[in-house]
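The values are calculated or read from the model by the stated rules, or taken from the named source; none is laboratory data. Because the structure is predicted, anything quoted here is derived from the model rather than measured. We place every Cβ from the backbone using ideal geometry, glycine too, and count neighbours over all the protein chains shown. Heads up: the accessible areas ignore ligands, DNA and RNA and are worked out on the full protein's heavy atoms, side chains in. Shrake-Rupley method; radii C 1.70, N 1.55, O 1.52, S 1.80 Å.
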Amino acid sequence: MPTESPGGFASLGLLPALQVAASSLGFDHPTPIQTLAIPPVLSGRDLIGAAQTGSGKTAAFALPLLQRLQQPAAAPGGRVRALVMVPTRELAAQVAEVLRRLALALPWKTRVVLVAGGVSANPQRLALRGGADVVVATPGRLLDLT
């Protein structure tokens, strides 16, 4: 279990399981974007952030998003609990992978569904039937499926 260190993930209010998950992805201490973004997202506030490539932006929103979704494992009735919209299928795949890897450390099951072009829409349509905790999508494919 992570130890509380000044300026560490615990000081941002993340659950111990998510602190472990962050460490498993190589984040031993929060980056500046994570330090600024995690507390407001945990409290339910809207946020726009910008930072360099490789600065930890994905984890800055993924960690608090997963914590906020810790209640029931899947939305009832085939609903989606959170949507992450990204501009390209490559970024969508990367974000979905980070969310899945972070979710592995959680004591609850978290369903992440990737919805992006470049492949058949039918498997993605089927994956959405049972609902999802998080859908990571590109705009064009999301429109195709709505």
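State which stretch of the chain is the longest one without any exposed trypsin sites (Lys or Arg not before Pro), exposure meaning a DSSP loop state and at most 13 other Cβ atoms within 10 Å. Mind dumping the intermediate values first?
On the way: sites that count: Arg45, Arg79, Lys109.
The longest uninterrupted stretch comes out as 1-44.
Work out from phi, with θ = phi - 60° and the Karplus expression 6.51 cos²θ - 1.76 cosθ + 1.60, the ³J(HN,Hα) of each residue of region 103-112, listed in order in whole Hz, and give x for Gly and Pro.
After applying 6.51 cos²θ - 1.76 cosθ + 1.60, I find 5, 4, 7, 7, x, 10, 6, 10, 9, 10 Hz.
What is the magnitude of the charge dipole of region 99-142 about its Cα centre, with +1 placed on the Cβ of each Lys and Arg, -1 on the Cβ of each Asp and Glu, and no other charges, expressed in debye to the nearest 20?
Rounded to the nearest 20 debye, it is 80 debye.
To the nearest 500 deg cm²/dmol, what mean residue ellipticity at 222 nm is calculated for the chain from DSSP H runs of n ≥ 4 alone, each contributing -39,500 (n - 2.57), summed and divided by the residues? Walk me through the intermediate numbers first.
Values: 6 runs with 63 residues, N = 146.
Dividing the helical sum by the residues of the chain leaves -13000 deg cm²/dmol.
Collect residues whose amide H, placed 1.01 Å from N in the peptide plane, falls under 5 Å from the amide H of Val84; neighbours closer than 5 in sequence don't count.
The answer is Val135, Val136, Ala137.
Pop the C-beta distance of Leu126 and Leu47 into the FRET formula with R0 = 35 Å and round what comes out to the nearest 0.05.
Working: r = 33 Å, r/R0 = 0.94.
Here the calculated transfer efficiency is 0.60.
Please compute the modelled spin-label separation between Trp108 and Asp144, points set 7 Å along Cα→Cβ, answer in nm with one decimal.
Taking the two extended label points, one gets 3.2 nm.
Explain nothing, just compute: Karplus ³J(HN,Hα) = 6.51 cos²θ - 1.76 cosθ + 1.60, θ = phi - 60°, for every residue of region 129-146 in order, whole Hz, x for Gly and Pro.
Per-residue couplings from phi come out as 4, x, x, 7, 6, 9, 10, 9, 9, 9, x, x, 5, 4, 5, 4, 8, 9 Hz.
Determine how large the accessible area of Asp28 is when every protein chain is in place; take a 1.4 Å probe and give Å² rounded to the nearest 10.
Only protein atoms counted, so the area is about 100 Å².
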